[in-house]
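Note sheet for the following structure.
Rule-based calculations on the coordinates, nothing more; no lab input. None of these values were measured; they are calculated from a predicted model.
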């Protein structure tokens, strides 16, 4: 008689997507989850998505919370930040103001989490609109280096580097669990 294997529940890693309104957080999330690009912008309050991925040979679930970028929802952000294990801080390369706002998001997260080693990735989105670029690669890379985080430039429209975002964040989870430092990289299109 053989004993049935008990299946361990998949580990769930909760990722919080932050950034100003209109920078493409929802578009990036939908591209990662479903391989589709949504052209129309509708402000998000908060949407949650879950996907199974393989991390270090194990099946895990990644739970992405796509948060509102609008200031109206700033009061509820702390609750989201408390629950997050990792953060994607997204800005539009064609909006200097959205890049400046990443500093505020980073400070809010660090205030709530009180941990500078939390998995965190700086993401410059909309590289398909490079002719409208206001934030240089050098400027974004410098900020990422100051924060000791990775920087990836993406396009939700063309899917450029979308998978690199998830790869880096998932690698960060492994490194945090093993208490090792993840080498810093910059990926641009």
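Relative to the current alpha-carbon distance between residue 117 and residue 158, full extension at 0.36 nm per residue lengthens the span by 11.7 nm. One chain, two ends: residue 139 and residue 58. Fully extended at 0.36 nm per residue, the span grows by 25.5 nm beyond their Cα-Cα distance.
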